[in-house]
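The values are calculated or read from the model by the stated rules, or taken from the named source; none is laboratory data. The structure presented is a predicted model; accordingly, all values stated were derived computationally and were not measured. Positions of Cβ are backbone-derived with ideal geometry, glycine not excepted, and every protein chain shown enters the neighbour counts. For accessibility, only protein heavy atoms count, side chains too; no ligands or nucleic acids. Shrake-Rupley method; radii C 1.70, N 1.55, O 1.52, S 1.80 Å.
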Amino acid sequence: MKNTHLRTWTFYVLMLSLFCIFTYFLFQHGKVFDVHSIAQSKVTPAIQNVIPESNFSMFRQSLLNNVAEPAAMLLLQIISVLFVSRVFGYLFAKIGQPTVIGEILAGIVLGPSLLGYFYPDAFHFLFAAKSLGNLYILSQVGLILFMFTIGMELNLSTLKEKISETYVISHASILIPYFLGMLLAYFVYKEFAASQTDFLSFALFIGISMSITAFPVLARIVQEKGLSKTHLGTMAIASAANDDITAWCVLAAVIAIAKTGSFISSLYTIGFAIGYVIFMLFFVRPFLKRIGAIYSNSEVLNKSVVAFLLLLLILSAFTTQVIGIHALFGAFLFGVVMPQLPNFRKLIIDKIEDVSVTLLLPLFFVFTGLRTQIGLLNSPYLWGVCGIFIFVAISGKFIGGAFTARILGETWRDSLSLGVLMNTRGLMELIVLNIGYEMGILPPSIFVMLVIMALVTTFMTTPVLSLITRLFPEKDVEKEYILHQTQGIFKALIALGNPENGKSLLHVAKTVLDGTKNSLAVSVLHITPGTDTNPIYGEQFSVDSFKGIQDEAIMQNIPLVTEYKVTDNIEQGIVKSANYNNFDFLLVGAGISLSGIPFFKESPIFQNIKWLNKFINNITYQQTFFYPGSLIKDKTRYFIENSNCSVGVFINRGFTAITSTLIVLHHESDEFLLRYARRLMKNNPEVTINIIDINKLAATSEVIREGIRELRHQFPNHVKVNKLTHLNYTVLSKNSFMLISYQTWNILSTSDKKELRDIPSTLIINKKISRFHTGARNKIVSNPPIDHVAESL
């Protein structure tokens with residue numbers, strides 16, 4: 001083996017040496033050509049006498065020339081756009097806003113309004129006029145792919161649910177703002193657009209800009225708010241889908257009228273467009289349905305099929321562009337006629353959405369930002385006109401959506417919420433505005449006003465929805481609490497992060513929280529991080545996430561309620577659900593397995609650098625151990641400080657079952673752990689309880705002494721009190737489970753770090769006395785029986 005290794009490297013070194021030697025002699029003999037070339041060239045004396053630049057200067061000039069090349073400049077533009085859009089998207093997600101708002105603002109920041117105003121040299125270098133052609137083409141390709149995915153997101157079957165109501169609501173939220181927009185156009189046309197376009201085209205585009213609803217943004221807001229399966233969510237999604245389809249058909253007609261100059265002339269274009277829609281619905285759609293039935297899983301969906309579908313997509317976009325109703329309509333229509341097979345649609349979206357939304361779509365935002373010159377609104381009068389545009393846009397959509405829904409019998413809460421949701425314009429509005437701008441219909445100043453209107457109406461959706469929820473609460477929390485107390489129901493919420501941890505969390509909840517005088521009711525919450533998660537995945541994610549824990553609940557005969565959400569702020573979503581639904585206990589999985597195995601094993605690369613290998617392993621080992629402590633001090637602290645109920649954090653160390661439990665007592669307030677131990681013993685009589693009384697509280701605290709005595713009396717052969725005053729490996733290794741208070745954990749994780757490395761699966765509990773304010777709790781339950789308090793913990 002060693003001889004083979006030596007022979008291999010000897011041959012390689014010999015080959016490399018011969019290559020260098022022969023290359024050197026070849027170039028030496030080739031110098032004769034350079035002499036003849038110089039002799040034959042006609043070089044002026046002035047150029048011959050130029051002093052040659054230094055090697056570094058030549059290298060620097062070469063770098064500048066390379067950066068100025070079209071390909072390098074395009075890549076630099078993409079890098080800048082992606083970085084800024086991701087930063088702004090992240091910041092807006094943190095404040096509960098759709099990431100698309102941050103990405104739109106990122107485009108404005110990179111445009112003449114900010115970057116061009118404060119750093120004009122950098123702006124003109126990065127976005128030189130001659131370099132924008134390639135960027136524009138890429139952004140249009142991104143828009144085509146994006147509109148295709150939007151068409152696929154529309155589930156036409158949802159339109160059949162409450163078709164009459166959603167049809168009327170969606171069309172009312174188009175017609176009313178459309179008329180108000182045209183009325184506003186009548187008053188502003190002479191001053192702003194008379195010199196640029198005719199009134200018909202201008203009024204039609206102002207009307208369509210007022211009536212657009214951004215279906216993708218609305219769907220993600222509904223998903224984040226947990227409304228997908230509610231009556232309001234169904235109504236909003238169906239109404240927005242109707243609105244989107246109708247608005248794009250109207251937009252196609254408006255483009256046809258604007259290009260031909262009159263309604264009569266546009267009838268030819270509209271006729272061809274209607275014929276194309278019929279062809280797609282009745283000929284292409286059945287054909288695609290057969291393809292979808294065959295290629296509905298990832299094994300058979302190969303590159304040839306994807307290439308064929310992309311070819312049809314581009315062909316559809318090209319056809320509508322030639323007809324005269326814009327390529328984006330063809331892309332949208334092709335997405336709509338894709339087969340209604342969830343698996344097939346997900347596979348196609350997986351292959352397209354990440355590239356179109358993450359890479360190419362931000363380029364469109366930059367183009368919008370380059371056209372948005374906020375400096376054009378340079379007087380209070382112009383800002384006043386902008387305010388009027390925003391007012392007309394909001395009121396038109398709100399009246400069309402909210403009051404129509406109320407007339408049709410919806411509650412005030414749902415009606416107002418629908419009016420707000422239908423005001424969401426977002427990216428779809430920008431697409432319409434850019435089409436109008438490129439056709440020369442929307443003047444730059446009006447374009448800026450409408451972009452600001454799109455941002456304001458989208459930004460306001462989430463906070464106004466929250467305000468409506470507060471003004472129109474669905475239920476009386478205190479009355480529900482009284483009902484649960486009288487019925488003896490103990491409500492536990494399991495916040496499920498890793499679905500694989502679900503069985504362990506449910507087992508812990510059943511063992512530790514289930515009581516003899518209380519009926520345990522368990523709800524499971526799973527949150528997918530990221531509001532940019534495509535709604536088409538929501539149903540499948542919820543099924544996959546809850547499958548394991550639902551199977552375990554059936555085996556243990558535990559009633560289970562599941563809830564699925566999508567949000568960027570997971571901690572806030574969990575606490576909001578725990579408080580709003582009035583839970584008694586919140587159980588959170590730490591989501592880790594502390595094996596103590598170093599992350600980096602020794603490899604041949606580092607085997608001779610022992611100090612580096614030891615340093616890396618030491619860091620990763622400590623991170624593996626300290627993660628629960630840092631988790632509690634950071635994210636879990638948010639749960640504990642903001643939840644109105646007791647909180648338990650479960651650290652899974654290869655948990656299988658509870659056979660022996662270690663109870664750690666450090667302070668008199670830890671007495672509640674003995675009550676949990678009593679409940680655990682009642683549910684599992686074979687379990688042994690080992691108590692470590694670190695500060696010898698049994699000798700000084702009557703409460704602790706009485707709790708231990710009662711526990712020993714009930715379970716005489718299963719309770720042991722250890723005389724040790726600190727944790728060690730021997731004690732920890734003999735137990736499969738540990739109960740410890742949050743306060744004690746914080747103390748020990750600071751002082752006994754090494755000892756805690758060997759902890760078994762552990763439940764860290766922070767006990768809350770009241771879930772409302774103390775006065776409310778006393779008012780609700782006055783002088784409860786002693787055993788009831790003990791059982792309800």
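For this structure, a couple of remarks:
- Boolean, His718 is farther than 16 Å from Glu671 by Cα and free of Cβ contacts under 8 Å to residues at least 12 places away in the same chain: no
- Apart from one condition, Ala68 fits all of (1) modelled with pLDDT under 85; (2) open to solvent by 100 Å² or more (accessible area, probe 1.4 Å); (3) under 23 Å from Phe127 (Cβ atoms); the exception is (2).
- Enumeration of residues in segment 95-105 that are more than 18 Å from Leu218 (Cβ to Cβ) and in a helix (DSSP H, G or I): Leu105
- Near pairs, Cβ below 6 angstrom, 6+ apart or cross-chain, from segment 453-467 (open to solvent by 40 Å² or more (accessible area, probe 1.4 Å)) to any residue that is modelled with pLDDT of 95 or more: Val456/Ile390
- Selection status of Tyr295, more than 22 Å from Pro443 (Cβ to Cβ) and more than 37 Å from the chain's Cα centre (by Cα): no
- Residue check for Phe329: touching a Cys at 6+ places or on another chain (Cβ under 9 Å) and surrounded by 16 or more Cβ atoms within 10 Å (Cβ to Cβ): yes
- Taken over segment 711-735, the residue count meeting the criterion of being surrounded by 15 or more Cβ atoms within 10 Å (Cβ to Cβ), out of contact with any helix residue (DSSP H, G or I) (no Cβ under 7 Å at 6 or more places or on another chain) and part of a helix (DSSP H, G or I) is 2.
- The residues on offer are Phe83, Phe88, Phe56, and the sole one that is aromatic (Phe, Trp, Tyr) and within 24 Å of Lys225 (Cα to Cα) is Phe88.
- Inspection of segment 210-232 identifies no residue that is open to solvent by 40 Å² or more (accessible area, probe 1.4 Å) and over 28 Å from the mean Cα position of the chain (by Cα).
- One residue from Gly488, Gly436, Gly440 being at positive phi, modelled with pLDDT of 90 or more and not polar (S, T, N, Q): Gly440
- Leading residue by the ranking (most open to solvent (accessible area, probe 1.4 Å)) among those in segment 183-199 that are over 18 Å from Val392 (Cα atoms) and touching a Phe, Trp or Tyr at 6+ places or on another chain (Cβ under 7 Å): Phe199
- Any hit, segment 301-308, residues being open to solvent by 40 Å² or more (accessible area, probe 1.4 Å) and modelled with pLDDT under 80: yes
- Scan of segment 56-86 for residues that are over 15 Å from Leu361 (Cα atoms) and among the β-branched types (Val, Ile, Thr), ordered by number: Val67
- Note on segment 182-209: residues that are touching a residue at least 40 places away in the same chain (Cβ under 8 Å) and hydroxyl-bearing (Ser, Thr, Tyr) amount to 3.
- Those residues of segment 683-709 which are assigned to a helix (DSSP H, G or I), without any contact (Cβ under 8 Å) to a residue 60 or more places away in the chain, in contact with a Lys or Arg (Cβ under 9 Å, 6 or more places away or on another chain) and open to solvent by less than 70 Å² (accessible area, probe 1.4 Å), in sequence order: Leu697, Ala698, Gly707
- Taking the numbered list (1) open to solvent by 10 Å² or more (accessible area, probe 1.4 Å); (2) modelled with pLDDT of 85 or more; (3) over 30 Å from Thr372 (Cβ atoms) in turn, Leu506 passes all entries but (1).
- Any chance Arg679 is open to solvent by less than 30 Å² (accessible area, probe 1.4 Å) and either outside any helix (DSSP H, G or I) or in contact (Cβ under 8 Å) with a residue 60 or more places away in the chain (or both): yes
- Out of Phe179, Phe125, Phe92, Phe148, one residue alone is open to solvent by less than 20 Å² (accessible area, probe 1.4 Å) and either assigned to a helix (DSSP H, G or I) or farther than 30 Å from Val67 by Cα (or both). It is Phe148.
- Which numbered condition Ser417 misses (of (1) surrounded by fewer than 23 Cβ atoms within 10 Å (Cβ to Cβ); (2) under 30 Å from the mean Cα position of the chain (by Cα); (3) among the polar types (S, T, N, Q)): (1)
- The residues on offer are Ile47, Ile21, Ile51, and the sole one that is assigned to a helix (DSSP H, G or I), of a type in the set (A, V, I, L, M), modelled with pLDDT under 85 and on the phi < 0 side of the Ramachandran plot is Ile47.
- For segment 373-400, filtered to residues that are more than 24 Å from Leu180 (Cα to Cα) and within 34 Å of the chain's Cα centre (by Cα), the residue that is most open to solvent (accessible area, probe 1.4 Å) is Gln373.
- All conditions but one from (1) modelled with pLDDT of 90 or more; (2) open to solvent by 20 Å² or more (accessible area, probe 1.4 Å); (3) touching a helix residue (DSSP H, G or I) at 6+ places or on another chain (Cβ under 9 Å) apply to Asn297; the one that does not is (1).
- Any chance Gln140 is closer than 29 Å to Phe318 by Cα and open to solvent by 30 Å² or more (accessible area, probe 1.4 Å): yes
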